[in-house]
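Q: Supplied in structure tokens, the structure appears directly below.
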Amino acid sequence: MLSTQEALQAVLSEARPIRERESLDTLEANGRVLAEDIVSPLDVPPMSNSAVDGYAVRHADLRGAGTVLPVSQRVPAGHQPEPLEPGTAARVFTGAPIPAGADTSIMQEQCEARGDEVVIGHQPQMGEWITRQGADIQAGSVILPAGTRLSPQALGLAASIGCARVPVTRRLRVAVFFTGDELVMPGEPLRPGAIYNSSRFTLRGLLENLGCALTDFGIVPDRLDATRATLRQAAREHDLIITVGGVSVGEEDHIKPAVQAEGRLNLWQIALKPGKPLAFGEIDNGTARPAYFMGLPGNPVSSLVTFLLFVRPFILRLQGVERVTPRRFAMRADFTQKKADRRNEFLRARLNEDGGLSLFANQSSAVLTSAVWGDGLIDNPPNHAIQAGENVQFIPFAELLY
């Protein structure tokens, strides 16, 4: 079996980013991936402005606290000022342009207005409370490189340089289906021996978070012919096919022979807990670019963990994102786990009020409650028993779900 790191590198090495792109209104581009660098055509801010409500002055006109200057003009934000007359002050407001000739802004709390004059009650440093032109962005600089996933703050940054449309990679087309005669949907009677298909809801939500264009083929019967037929159909118009269930080696597990019959299987088992069986390969579709295939285990926590660790970074890389590995943090374990496993374990844990990590009591791959209760995963190396007080590697769900 491959280690988790070996398996991840094997999967990512096969990823060929999609090249098709489209132009989107910046207001509609949240979560999409930039296909080109965004270069600023202007400085931000485009002019020096006051960071406070107050008075713009020439520093050379000040003679210490108590200096009295006539107010020669009033400058609201969005208005163009006249050059500042020597020996005068300009009444300015937050964001207002600094008049030519002024080099300092003094907040109004440190001044006293007296009719048409102002008493400066403070000796400022030159340049105080002025935001200089280009302090945030300089014209000609790359503000967002290609491969950036556009967050709300990135959209704001693009808008700050007047970018009305952005070039993005087209949505990744993903097909999903689920195998298992025991599966039923919520709302249907739960017959003896059946279970509700929780993984369908989890997987769809994960793919929606990643901005994929999703086709859901639903629950496929536990038959080799049905599995092969669905793989062929899905491969025609999709970049990636994801299945849940049927990846073990039992008589009712048909994913492995179906993939081998319709394409190639490049990866099968990983030294991972939960989620040892993970299928990765390609399905032929008659073109030079076969559809990628990833088969996840059926237990709900196993399918969640394998998606977060392998499918998510693979999808991001296909979308053109370069940094796909989540950040991890050294945190104190406030529990003891005496039994070590020969596989790399990913334990569901929660941040506690003492600044450490608490462990969910039942780490079974069938207990989805652990993933809702927890704040993230502890990456525990093979053959390692955890002692209370030691630092462990923690990956927050916030790093994994989007």
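Q: Where residues in the range 194-234 are assigned to a loop (DSSP other than H, G, I, E, B) and not charged (D, E, K, R), which of them is most open to solvent (accessible area, probe 1.4 Å)?
A: Pass one, the range 194-234, residues assigned to a loop (DSSP other than H, G, I, E, B): 194, 197, 210-212, 221-223.
Then drop every residue that is not not charged (D, E, K, R), which leaves 194, 197, 210-212, 221.
Numbers: Ala194: 14, Asn197: 5, Leu210: 3, Gly211: 13, Cys212: 17, Pro221: 54 Å².
Taking the candidates together, the pick is Pro221.
Q: Can I ask one more? If I go through the range 342-370 residue by residue, how many of them are in a loop (DSSP other than H, G, I, E, B) and of a type in the set (Val, Ile, Thr)? Quick ask: steps written out before the conclusion?
A: The initial filter retains those residues of the range 342-370 that are in a loop (DSSP other than H, G, I, E, B), namely 342-343, 352-356, 360-368.
Within this subset, residues satisfying the condition of being of a type in the set (Val, Ile, Thr) are 367.
So the count comes out to 1.
Q: Show the residue pairs that are 6+ apart or on different chains and have beta-carbon atoms under 6 Å apart, the first residue being within the range 257-273 and farther than 20 Å from Val305 by Cβ, the second being in a helix (DSSP H, G or I) and open to solvent by less than 20 Å² (accessible area, probe 1.4 Å).
A: So the pair list comes out as Ala258/Thr227; Ala258/Leu231; Glu262/Leu231; Leu265/Val259.
Q: Of the residues Ala279, Ala288, only one is open to solvent by 30 Å² or more (accessible area, probe 1.4 Å) and at pLDDT below 95; which?
A: On the way: Ala279 fails: open to solvent by 30 Å² or more (accessible area, probe 1.4 Å).
After ruling out the rest, the residue left standing is Ala288.
Q: Examine the range 375-394 for a residue that is modelled with pLDDT of 95 or more, open to solvent by 20 Å² or more (accessible area, probe 1.4 Å), aliphatic (A, V, I, L, M) and outside any loop (DSSP other than H, G, I, E, B), and state whether such a residue exists.
A: The initial filter retains those residues of the range 375-394 that are modelled with pLDDT of 95 or more, namely 375-394.
Right, trim to open to solvent by 20 Å² or more (accessible area, probe 1.4 Å) and you get 375, 379, 381-385, 387-391, 393.
Among the residues that remain, those that are also aliphatic (A, V, I, L, M) are: 385, 388.
If we keep only those that are outside any loop (DSSP other than H, G, I, E, B) too, we end up with none.
No, that holds for no residue.
Q: Please determine, by comparing only the residues of the range 59-68 that are open to solvent by less than 60 Å² (accessible area, probe 1.4 Å), touching a strand residue (DSSP E or B) at 6+ places or on another chain (Cβ under 8 Å) and assigned to a loop (DSSP other than H, G, I, E, B), which one is nearest to Gln133 (Cα to Cα).
A: So in the range 59-68, the residues open to solvent by less than 60 Å² (accessible area, probe 1.4 Å) come out as 59, 61-62, 64, 66-67.
Checking which are touching a strand residue (DSSP E or B) at 6+ places or on another chain (Cβ under 8 Å) leaves us with 59, 61-62, 66-67.
When the remaining residues are screened for being assigned to a loop (DSSP other than H, G, I, E, B), the result is 62, 66.
Numbers: Leu62: 24, Gly66: 30 Å.
Looking at the filtered set, the residue picked out is Leu62.
Q: Could you go through the range 307-320 and let me know if any residue there is open to solvent by 50 Å² or more (accessible area, probe 1.4 Å) and part of a loop (DSSP other than H, G, I, E, B).
A: no
Q: Would you mind stating whether Val71 is touching a Ser or Thr at 6+ places or on another chain (Cβ under 8 Å) and assigned to a strand (DSSP E or B)? Working first, answer last.
A: Values: touching a Ser or Thr at 6+ places or on another chain (Cβ under 8 Å): yes; assigned to a strand (DSSP E or B): yes.
So Val71 fits the description; yes.
Q: So which residues in the range 228-285 are more than 21 Å from Arg204 (Cα to Cα) and of a type in the set (S, T, N, Q), if there are any at all?
A: Ser248, Gln260, Asn266, Gln269, Asn285
Q: Considering only residues that are open to solvent by less than 40 Å² (accessible area, probe 1.4 Å), outside any strand (DSSP E or B) and of a type in the set (A, V, I, L, M), which ones fall in the range 14-50?
A: If the condition is that a residue be open to solvent by less than 40 Å² (accessible area, probe 1.4 Å), outside any strand (DSSP E or B) and of a type in the set (A, V, I, L, M), then Ala15, Ile18, Ala29, Ala35 are the ones that fit.
Q: Give the range 52-111 a look and list any residue that's of a type in the set (Val, Ile, Thr) and touching a helix residue (DSSP H, G or I) at 6+ places or on another chain (Cβ under 9 Å), or say none.
A: So in the range 52-111, the residues of a type in the set (Val, Ile, Thr) come out as 52, 57, 67-68, 71, 75, 88, 92, 94, 98, 104, 106.
Val52, Thr67, Thr88, Thr104, listed by residue number.
Q: Quick test of your reading of the structure: Met1 fulfils all but one of (1) open to solvent by less than 40 Å² (accessible area, probe 1.4 Å); (2) farther than 26 Å from Ser141 by Cβ; (3) among the aliphatic types (A, V, I, L, M); (4) touching a strand residue (DSSP E or B) at 6+ places or on another chain (Cβ under 9 Å). Name the failing condition by number.
A: (1)
Q: Could you figure out which of (1) open to solvent by 20 Å² or more (accessible area, probe 1.4 Å); (2) in contact with a Pro (Cβ under 8 Å, 6 or more places away or on another chain) isn't true of Val372?
A: Just one mismatch for Val372, condition (2).
Q: On the given criteria, is Ala56 of a type in the set (A, V, I, L, M) and either over 30 Å from Thr26 (Cα atoms) or part of a strand (DSSP E or B) (or both)?
A: yes
Q: Turning to a different aspect of this structure: Identify the single condition in (1) within 30 Å of Leu27 (Cβ to Cβ); (2) open to solvent by 50 Å² or more (accessible area, probe 1.4 Å) that Arg191 does not satisfy, given that it satisfies every other one.
A: (1) is the only condition that Arg191 fails.
Q: Collect the residues in the range 105-155 that are under 38 Å from the mean Cα position of the chain (by Cα), loosely packed, with under 12 Cβ neighbours inside 10 Å and part of a helix (DSSP H, G or I), keeping them in residue-number order.
A: Answer for the range 105-155, where residues must be under 38 Å from the mean Cα position of the chain (by Cα), loosely packed, with under 12 Cβ neighbours inside 10 Å and part of a helix (DSSP H, G or I): Pro152, Gln153.
Q: Tally the residues that are under 14 Å from Val244 (Cβ atoms), touching a Ser or Thr at 6+ places or on another chain (Cβ under 8 Å) and among the small types (Gly, Ala, Ser), restricting the search to the range 161-190.
A: Residues in the range 161-190 being under 14 Å from Val244 (Cβ atoms), touching a Ser or Thr at 6+ places or on another chain (Cβ under 8 Å) and among the small types (Gly, Ala, Ser): 1 in total.
Q: So if I check each of Pro83, Pro99, which one is over 32 Å from the mean Cα position of the chain (by Cα) and open to solvent by 40 Å² or more (accessible area, probe 1.4 Å)? So that I can check it myself, show each step before the final result.
A: Working: Pro99 fails: open to solvent by 40 Å² or more (accessible area, probe 1.4 Å).
Among Pro83, Pro99, only Pro83 is over 32 Å from the mean Cα position of the chain (by Cα) and open to solvent by 40 Å² or more (accessible area, probe 1.4 Å).
Q: List every residue pair whose Cβ atoms sit under 7 Å apart, with the two residues 6 or more apart in sequence or on different chains, where the first one lies in the range 1-26 and is closer than 28 Å to Ala288 by Cβ and the second, anywhere, is at pLDDT 95 or above and of a type in the set (Ser, Thr, Tyr).
A: Within 7 Å, the pairs are Ile18/Thr169; Arg21/Thr169.
Q: If you don't mind, there's one more thing I want to ask. Tell me, which residue of the range 326-340 that is at pLDDT 95 or above and not in a strand (DSSP E or B) is most open to solvent (accessible area, probe 1.4 Å)?
A: The residue in question is Arg327.
The values are calculated or read from the model by the stated rules, or taken from the named source; none is laboratory data. Note that the structure is a prediction, hence the values are computed from the model and not measured. Don't worry about glycine lacking a Cβ; one is built from the backbone with ideal geometry, like all the others, and counts go over all protein chains shown. Each accessible area value is taken on the protein alone, full model and side chains, heavy atoms only, with ligands, DNA and RNA left out. Shrake-Rupley method; radii C 1.70, N 1.55, O 1.52, S 1.80 Å.
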